[in-house]
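This report refers to the structure that appears directly beneath it.
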Amino acid sequence: MKIGTPKEIFEGEARVAMTPASALQLQKLGYDCAIESGAGLAAGFSDATYEEAGVEVIKTAAALWKEVDIIAKVRQPNETELKRLNGDKTLISFFNPAGNEEGMELAKSKGANVIAMEMVPRISRAQKMDALSSMANIAGYRAVIEAGNNFGRFFTGQITAAGKVPPAKVLVVGAGVAGLAAIGTSTSLGAITLAFDVRPEVAEQVESMGAEFVYLDFEEEQQDGAATGGYASVSSPEFREAQLAKFRELAPEVDIVITTALIPNREAPELWTEDMVAAMKPGSVIVDLAAEKGGNCKLTVMDEKIVTENGVTIIGYTDFPSRMAAQASTLYATNIRHMMTDLTPEKDGQINHNMEDDVIRGATVTHQGEITFPPPPPKVA
Ligand code: NAD
């Protein structure tokens, strides 16, 4: 079978789902590989580097979708792309199934099999295919770099001939995958780093990374904002008040706030209010990684950078992985390659779409003319 990757058509998207290195691995599984001409350019991979890796370069998207059996891409496909599917094709991509009923219906009507990368179950065995985590890791890192780029001082404290420089103070709100990456980046740059999460079990991880976990004036068992299965759920009003009171206390002290707090299937909780922004020092920076879900900061404008009257920069970009397209493509293409390994147990270049396999079943949203989303819960941890 042939696997191919088209150029991403979402405006500004620089990532690509196949790299020359991942193509070599896919060939070891027995597949022929193809790429649309120019698909890797924005991520730093020229057509020539693909050709050197034995990848066929196909001139147009239409020809690529027609010729290949398996399409690997990054962004949720649009209608034109979905119309190019048929019963002999498998699509592997981010798909946003919970908010993309029309896309699923169209894929189903075409009889195509669709594997949605955001649906890979978060179990140990599937970590190598967990594209949500690999992209969140990049977003967390890049959020700190972006903050630094907009901050007029050093992260680390210094004693120089020209004077003593205090270290920056960074607060990370939400210590999931992105938050932990932000904490690691911030501490490695030398900033004093504080972090908060409604899940108290992450305190140890936060502290092991050299940051300080922010505890609330709350009974320990109530620190847990009713967390379930590793994910957060909505906090009680009392807990939220205690959280906001703590943030109000910290607002005048911190230089940089990175917010990453999300609750599955909901708008992001609003945690950094207008008065907290007003209490921050001029020159402070907020990077809101929850911008796509409405933002954790009241004043965030999605996909924009604004500066408030009191001189606080608020960044609401939603494309951090694409801003590091070479790294993001390398990790995403590796996630896809691992998915293909599981789909090809015989290494014979033939997909075995085994719906008995927890991971494959969990990620499949259409299969043989049926919508198979949402999946049953995985059987193993
Ligand atoms: P996420 O993106 O859903 O949320 C980010 C963080 O925000 C979470 O840590 C959450 O607790 C926190 N949060 C929510 N409301 C908050 C509030 N009001 N104040 C402060 N923080 C708040 O999380 P994620 O990064 O996707 O990780 C979710 C869970 O999945 C974690 O337990 C993580 O360890 C786990 N995980 C497991 C695997 C695996 O086993 N393969 C892979 C990735 C993540």
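None of the figures in this text is laboratory data; all of them are computed from the coordinates on show. Remember, predicted model here, so these are calculated numbers, not experimental data. Ideal geometry is used to build each Cβ from the backbone, glycine not excepted, and the neighbour counts take in all protein chains shown.
Can you list residues whose amide H is under 5 Å from Ile58's amide H, if they're 5+ apart or on another chain and H is modeled 1.01 Å from N?
Ile35, Glu36, Ser37
For segment 199-320, with only Lys/Arg (+1) and Asp/Glu (-1) charged at the beta-carbon, what is the dipole magnitude about the Cα centre, in debye rounded to 20?
Working: 9 positive and 24 negative charges, 75 e Å.
Computed charge dipole of segment 199-320: roughly 360 debye.
Tally Lys/Arg at +1 and Asp/Glu at -1 over every other residue whose Cβ is under 15 Å from the Cβ of Gln127; what's the total?
Details: positive: Arg122, Arg125, Lys128, Arg337; negative: Glu118, Asp130, Asp342, Asp358.
Value of the local net charge: 0.
Once both labels are modelled 7 Å past Cα along the beta-carbon direction, what's the Ala326-Glu102 spacing in nm?
Result for the modelled spin labels: 3.8 nm.
Taking the Cα centre of segment 1-100 as origin, work out the dipole magnitude from +1 charges on Lys and Arg Cβ and -1 charges on Asp and Glu Cβ, in debye rounded to 20.
On the way: 11 positive and 14 negative charges, 45 e Å.
In total the dipole reaches around 220 debye.
Which value in Å does the Kirkwood hydrodynamic radius of the chain take, with 1/r averaged over all unlike C-alpha pairs and then inverted? Please list the in-between numbers first.
Numbers: mean 1/r = 0.0452 Å⁻¹.
One over the average 1/r among Cα pairs gives 22.1 Å for the chain.
Using the Karplus curve 6.51 cos²θ - 1.76 cosθ + 1.60 with θ = phi - 60°, work out ³J(HN,Hα) for each residue of segment 9-23 in order, rounded to whole Hz, and write x for Gly and Pro.
9, 5, 4, x, 6, 9, 6, 9, 8, 10, 10, x, 5, 5, 5
Neighbour counts of other C-beta atoms within 10 Å: give me His353, His367 arranged from fewest to most.
Values: His353 14, His367 21.
Listed from fewest to most nearby Cβ atoms, that is His353, His367.
Put +1 on the Cβ of every Lys and Arg and -1 on every Asp and Glu Cβ in the chain; which of Gly148, Gly176, Pro374 then has its Cα farthest towards the positive end of the dipole?
Result: Gly148, furthest along the dipole toward the positive end.
Going by how many other Cβ atoms sit within 10 Å of their own, how do Ser124, Ser133 line up, fewest first? Don't skip to the answer; put the middle values down first.
Working: Ser124 9, Ser133 19.
Neighbour counts put them in this order, fewest first: Ser124, Ser133.
Between Leu91 and residues 5 or more places away or on another chain, which pairs have amide H atoms under 5 Å apart, with H built 1.01 Å from N, and which residues are they?
Ile71, Asn113, Val114, Ile115
Using only the alpha-carbon atoms of segment 219-340, report the extent along each of the three principal axes, biggest first, to the nearest angstrom.
Result, largest extent first: 49, 38, 21 Å.
Can you list the residues, at least 5 places off or on another chain, whose amide H is less than 5 Å from the amide H of Thr193, using H built in the peptide plane?
Those qualifying (amide H under 5 Å, at least 5 residues apart or on another chain) are Val170, Glu212.
Enumerate the calculated ³J(HN,Hα) couplings along segment 46-53 in order (Karplus 6.51 cos²θ - 1.76 cosθ + 1.60, θ = phi - 60°), each rounded to whole Hz, writing x wherever the residue is Gly or Pro.
Coupling constants for segment 46-53: 7, 4, 4, 5, 5, 4, 4, 8 Hz.
Could you give me the ³J(HN,Hα) list for segment 94-111, computed from phi with Karplus coefficients 6.51, -1.76, 1.60 and θ = phi - 60°, whole Hz, x at Gly and Pro?
For segment 94-111, the Karplus-derived couplings read 5, 9, 6, x, 5, x, 9, 3, 4, x, 5, 4, 5, 4, 4, 5, 7, x Hz, x marking Gly and Pro.
Tell me, how many Å apart are the Cα centres for segment 144-163 and for segment 240-307?
Distance between centres, Cα-based: 21 Å.
Tally Lys and Arg at +1 and Asp and Glu at -1 over the other residues with C-beta under 13 Å from the C-beta of Gln327: what net charge comes out? Spell out each step's value before the answer.
Values: positive: Arg15, Arg142, Arg323; negative: none.
Net local charge, Gln327 excluded: +3.
What does the charge count near Lys28 come to, summing +1 for each Lys or Arg and -1 for each Asp or Glu among other residues with Cβ under 11 Å from its Cβ? Can you show the working numbers first?
Numbers: positive: Arg337, Lys347; negative: none.
Spelling it out: positives minus negatives among the neighbours equals +2.
With a Förster radius of 22 Å, plug the Cβ-Cβ distance of Ile159 and Glu212 into 1/(1 + (r/R0)^6) and report the FRET value to the nearest 0.05.
Values: r = 22 Å, r/R0 = 1.02.
Efficiency computed from Cβ-Cβ geometry: 0.45.
About the Cα centre, and with charges only on the beta carbon of Lys, Arg (+1) and Asp, Glu (-1), how big is the dipole of the chain? Nearest 20 debye, please.
Working: 34 positive and 52 negative charges, 175 e Å.
Here the size comes out at about 840 debye.
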